[in-house]
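Report on the structure given below.
What follows is calculated from the coordinates using simple rules that are stated; it is not laboratory data. Here the structure is a predicted model, which is why all the values come from computation and not from measurement. Note that each Cβ is placed from the backbone with ideal geometry, even for glycine, and that neighbours are counted across all protein chains shown.
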Amino acid sequence: MKFSGGVHPAYHKDTAGLQIEAMPLLHRYVVPIAQHLGAPGKVLVAKGDRVARWQPLSEPVGFVSVPVHAPTSGTVKQVAALPHPLGRPMLAVEIESDGEDRPWEGLAPLGDWRTLDPAALRRAIQAAGVVGLGGATFPTHVKLSPPAEKKVDLLVLNGAECEPYLTADHRVMLEQAAEVMEGVGLMMRVLGVSRACVGIESNKPDALAALRRACPADVAAEFVLLETKYPQGSEKHLIYALCGRRVPPGGLPMDVGCVVQNVGTAVACLEAVRDGLPMTERVATVTGAAINVPHNLRVRVGAPLLDVLAHCGGVTPDVGKVIFGGPMMGIGQFDMDVPLIKGTSGVLCLRDDEAVLYEGGPCIRCGACVDACPMGLVPSAMGLIAERFRFEELGDWHVLDCIECGSCAYVCPSRRPLVQHFKRGKAEWRDILEERRARTERDAKRAETAATA
Amino acid sequence: MTLEPGTGPDGVPTEPATPVAEPITPRDLIVSASPHVHAGQDVPWIMRQVLLALLPGLLAGLWFFGLGALRVLVLAVAGCLACEWACARLVKRPATLRDYSAVVTGVLLAMNLPSGSPWWLVLIGSIVAIGLGKAVYGGLGYNPFNPALVARVFLLISFPVQMTTWVVPQGPGTALDAATGATPLGAIKEAVGLGRTVADAGAPGLRDLLVGNVGGSFGEVSALALLLGGLWLLWRGVIRWQVPVAFMAVTSLVTGIAHLADPAHYASPLVHLLGGGLMLGAWFMATDMVTSPVTRRGLLIFGAGCGLLTAVIRLWGGYPEGVSFAILLMNAATPLIDRWTRPRVFGEARKLYREADAA
């Protein structure tokens, strides 16, 4: 089934043919404690401590929280607020590598997932700090623990990789097909579902063939080649394209019986259980016209951006923008000392002439954004409202359903910064809702005390 | 700036990478919100496409009405550009001449005037179009009514004689003080009004209507040339099909029913489709993005409304021509239409997923 809206940006998947290469060991790593959506963990190490590779640096605080682990062995140089890809400095552990890459003795491999019960698998996945590698970095064990009243019957494996330039998932599907499908089986066991659906965009038929070939006999998966259209990899649109179910506004995939996981996450879950290995590395595409030697890199989490760029031959003199993620939803970086983290699917280096800073003009109501919005919103009207700071009206326009995919701004002939407006608008509208909730609560309490007095 | 590779052989820790030249600093990099790429089209591009699409109709008008038409065109474009510049100057905003929108307004205004219009009429029209039609609302994007049509209707009401003195087309050599006559629709209206029949009006044949060898505003006469330009706009993705198709379909339908019921007093729908300002209106004026709805469903309603009002005014109204009034009235309805036709948010479906599964 095809969703309406969406756009067809130039795909630039130039790195699709490059094998994943492991990044050499670095001199230092900066491991932020918060690399996931949810509560940041509690730091377990202090300045001067010696740590081993894979040793936990933090422990989860509550259910929606995961630990982070040391990418190599060495000494803790500092635990401080350090540059973070999200923009503002956040608590991180800086490790000076000792070059021994000595493994931690506490690793606890569980062996074959087929013989383990779901609760043990979930615990292992959380302890390994596994988060969704698609970019949103939601803790995987939480997604794999739907409440009993949600009847989940389908695991969706997201191999769409609809962001231009990025090829990390593509390479993982080609080079680690067997592990991806084992991971799918494992996650199906955790969820207790008997059906899995693998969705891949039609520009990667080789990935689909590889996964199909590698699928173990006891993993009941269907493989579907999807239209190549951005944002095919958006959870809601992927589910709709695969099985026709529509996640309701404000809802989650589990509301329609689905759980969506990224291909890299499947591998991470398998490694966490089979080998007891925490998530300390990921595959990231380093690409763009302004990088000298593009790569698909297996990077240890915490590797500083500067070192990664240097490993890829450095940037060209005309570099204009360095982005973590893809060109549609990625985050522009201004500090080359930020580390690559679990959610960094790629580093995109654009040239000056590709990274023009637009001055948005007035909306000419051409309706291109309305046609492009995959969520059925009216970005033109919402942009005008947000521009005038009338945030309390944005709720009526379903601003919270905006997935920030950027399709509207991509087509806007006036180059209006629509996504920026909606990001701010969402935050402001959430604040207004919170304020209203607090006020009703206060009023109720006051009425109560008045009644008892 | 090149960065010195700071990595050694596998397994050996290396010194941190140090840039050879100056390090990359925030100054050098652009940091802005996503998306970081763009489809490439912009407002000047859209306006240039519209101008290109107007070219066939413009050339046909110049061919049939000669120098008089050229004079009106030059005056209108110059007047609109000057007014746009002056308005920006007045409110101390940067001049917006480069977005081509004032040129489009000027060309459309010119095409909506008789080729024999006196110079002051054209200049007043330009000032009304840009000043009263657009600038007072805040410029491009904020005007509720199509600026060229605001000017045309203003002139029609204020200077009815000059605005209905139609030059008879005589080819490129048409003199500036050429003979004048009626438009096909005007002739029919007059004949029927005097109790005669459509046939008595002696209206030109369909072939003349198609190529444009008839009296009228100089840019509206050649249905064929305008249709060509309109189709090209559609193919380029600048306009959406809903407005012109709904517009032409509903006008044809209503005038067709009237014609079938009483052919003696109501002209054939083909005359209504090819005559008057319908082609210019349906393809170039009603499709004005700023003053029409944003959703496709809305555009369909908008186009149908334009078609219905045009037919009603032409058949039963006081004026022989109703395209301008119809479009302006529907411009006024645009905010309402936008409200009614808000698309359904993804997932807000009546159909539950279990039904989708069963299907």
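Structure summary
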| read-out | value |
| --- | --- |
| Among A:49-58, A:345-354, B:31-40, B:228-237, the order from most to least packed when residues are scored by Cβ within 10 Å on average | A:345-354, A:49-58, B:31-40, B:228-237 |
| Packing-based order for B:112-125, B:245-258, using average beta carbon neighbours within 10 Å, highest first | B:112-125, B:245-258 |
| Cα gyration tensor, the stretch B:43-340 - rounded (a/c under 1.5), prolate or oblate | oblate |
| Environment charge of A:Val399, counting only residues whose C-beta is closer than 12 Å and scoring Lys/Arg +1, Asp/Glu -1 | -1 |
| Trypsin sites (Lys or Arg not before Pro) within the stretch A:387-453, DSSP loop, no more than 11 other Cβ atoms inside 10 Å | A:Arg388 |
| In the stretch A:41-142, the GluC sites (Glu not before Pro) that fall in loop regions by DSSP, at most 14 other Cβ within 10 Å | A:Glu100, A:Glu105 |
| Neighbouring partner chain Cβ atoms per residue of B:231-242, average, 10 Å criterion | 1 |
| Distribution of pairwise C-alpha distances over the stretch A:103-243, 10 Å bins, in % | 11, 40, 37, 11, 1 |
| Proximal charge balance of A:Leu270 [Cβ under 11 Å; K/R count +1, D/E count -1] | -4 |
| Total formal charge among the other residues, if their Cβ is under 15 angstrom from that of B:Arg196, Lys/Arg +1 and Asp/Glu -1 | -2 |
| Cα-derived Rg to Rh of the stretch A:368-447, Kirkwood definition | 1.11 |
| Ranked by how many other beta carbons lie within 10 Å on average, peptides A:23-33, A:60-70 from highest | A:23-33, A:60-70 |
| Cα-only Debye scattering, the protein assembly as shown: base-10 log of I(q)/I(0) at q = 0.06 Å⁻¹ | -0.51 |
| Other protein chain Cβ atoms within 10 Å, averaged over every residue that makes up A:307-315 | 6 |
| Exposure proxy ranking, count of Cβ atoms within 10 Å, fewest first, for A:Glu222, B:Glu84 | A:Glu222, B:Glu84 |
| Crossing angle, helix B:101-111 versus chain B [Cα axis fit, 0-90 degrees, rounded to tens] | 10 |
| Ratio Rg/Rh, restricted to chain A and using Cα atoms, in which Rh is the Kirkwood radius | 0.97 |
| Reachable aspartates and glutamates, given that their alpha-carbon falls under 17 Å from the alpha-carbon of B:Lys134 and they are not under 8 places away in the same chain | B:Glu84, B:Asp99, B:Asp288 |
| At least 15 Å along the helix axis (C-alpha) and Kyte average at least 1.0, DSSP helices within chain A | A:177-191, A:263-274 |
| Other protein chain Cβ atoms within 10 Å, averaged over every residue that makes up A:407-413 | 6 |
| Relative contact order [Cα under 8 Å, 6+ residues apart], chain B, whole percent | 16 |
| Entries in A:Lys236/A:Lys321; A:Lys321/A:Lys423; A:Lys42/A:Lys426; A:Lys236/A:Lys445; A:Lys321/B:Lys92; A:Lys150/A:Lys423 that, when Cα-Cα distance is taken, lie over 32 Å | A:Lys236/A:Lys445; A:Lys321/B:Lys92 |
| Which of A:Arg114, A:Arg246 has the fewest Cβ neighbours within 10 Å, and the rest in rising order | A:Arg114, A:Arg246 |
| GluC sites (Glu not before Pro) lying in DSSP loop within the stretch A:355-453, provided at most 14 other Cβ fall within 10 Å | A:Glu359 |
